[in-house]
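All remarks here apply to the structure that follows.
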Amino acid sequence: MLLLAPGIRYFPDHFNAAAQAALVEDIRAVVTEAPLYIPAMPKTGKEMSVRMTNCGALGWVTDKEQGYRYQALHPVTQKPWPAIPPRLLALWQEVGDCRLPPEACLVNFYSEAAKMGLHQDRDEQNFQAPVVSLSLGDTCLFRFGGINRNDKTQSLKLKSGDVIVLGGEGRLAFHGVDRIYPGTSTLLKSSGRINLTLRRVTVS
DNA sequence: TAGTAACA
DNA sequence: TTCA
């Protein structure tokens, strides 16, 4: 484990190839039940380049009308999200350093051209609990800074199997994905990157 | 504003 | 950096 900044812990190669393949199968099952959809920004309705779905009791969603929020139902199918796969619950227990289990697992799919601007994860009620992030598939250029948007940032290439934990002082750090490096992994059938972020939403 | 264009 |  490397401490990248206060509260930002990096576990390179946390999952080996076999474990990564098993996780991809877990996510395939999630996506079959809860299909990826295109989220839209609040107010402007501009579409994000990343496709999303969730598993867990709650899922993070956004649309033009209601903005960022957690809700129990898939916005397209209106069905409850599938359960968080046991392997991901185990990851949270292993690296999350948190008494309470995660309630949400946001699944972000990045195609070759997708990116995500610098942002904070601040739609949860619980900032004591960490955010645990797992990368699968193509390498990306990840950027993170401090709790203010204009704090200096550092960039790091995240590869398949890497885990990052934002906790404590790092919980509200700004972070984003500047680019995907297509063809850097053969884990997924087509190129692209899957990012899974486990979160505790409520306080108790 | 988890995005983006326009601009210094 | 501003705007939205």
Please express the Cα-Cα pair-distance distribution P(r) of region A:76-142 as a list of whole percents, one per 5 Å bin, running from 0 to the bin with the greatest distance. 3, 11, 22, 21, 21, 18, 4, 0
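Over chain A, give the accessible area per residue in Å² for a 1.4 Å probe, as an integer.
Values: 9760 Å² over 204 residues.
Counting only protein heavy atoms, the per-residue value for chain A is 48 Å².
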When the Debye formula is applied to the Cα atoms of region A:12-69, each taken as the same point scatterer, what base-10 log of I(q)/I(0) results at q = 0.13, 0.22, 0.27, 0.28 Å⁻¹? -0.46, -0.89, -1.04, -1.07
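How would A:ILE180, A:ILE38 line up by accessible area, probe 1.4 Å, largest first?
Working: A:ILE180 5, A:ILE38 70 Å².
Per-residue accessible area, sorted high to low, gives A:ILE38, A:ILE180.
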Of all lysine pairs in chain A that are eight or more residues apart or on different chains, those with Cα atoms under 26 Å apart total 14
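How large is the Kirkwood hydrodynamic radius of region A:2-199, counting all unique pairs of alpha carbons, in Å? Each step should come with its number before you reach the end.
Values: mean 1/r = 0.0596 Å⁻¹.
16.8 Å is the Kirkwood radius here.
Considering only protein heavy atoms, with the full assembly of protein chains and a 1.4 angstrom probe, order A:ARG199, A:ARG87 by accessible area, largest first.
Values: A:ARG199 15, A:ARG87 110 Å².
Per-residue accessible area, sorted high to low, gives A:ARG87, A:ARG199.
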Between region A:139-204 and region A:54-98, what is the C-alpha centre distance in whole Å? 17 Å
CD proxy at 222 nm, helix term only [per DSSP H run n ≥ 4: -39500 (n - 2.57); per residue of chain A; nearest 500]: -4000 deg cm²/dmol
How many nm separate the modelled label positions at A:GLN66 and A:MET41, each set 7 Å beyond the Cα in the direction of the Cβ? 2.1 nm
Positive dipole terminus of region A:1-147, leading residue within A:ILE8, A:LEU88, A:ALA114 (C-beta point charges): A:ALA114
With charges only on Cβ, +1 for K and R and -1 for D and E, what is the dipole size of region A:2-199 about its Cα centre, in debye, rounded to 20? 380 debye
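Using a 1.4 angstrom probe on the protein heavy atoms only, could you order A:ASP97, A:ASP123, A:ASP138 from most to least accessible area?
Descending accessible area places them as A:ASP97, A:ASP123, A:ASP138.
The values are calculated or read from the model by the stated rules, or taken from the named source; none is laboratory data. Computed from a predicted model, the values in this text were never measured in an experiment. Cβ: placed from backbone, ideal geometry, glycine included. Neighbour counts: every protein chain shown. What goes into the accessible areas is simple: the full protein's heavy atoms, side chains included, and nothing from ligands, DNA or RNA. Shrake-Rupley method; radii C 1.70, N 1.55, O 1.52, S 1.80 Å.
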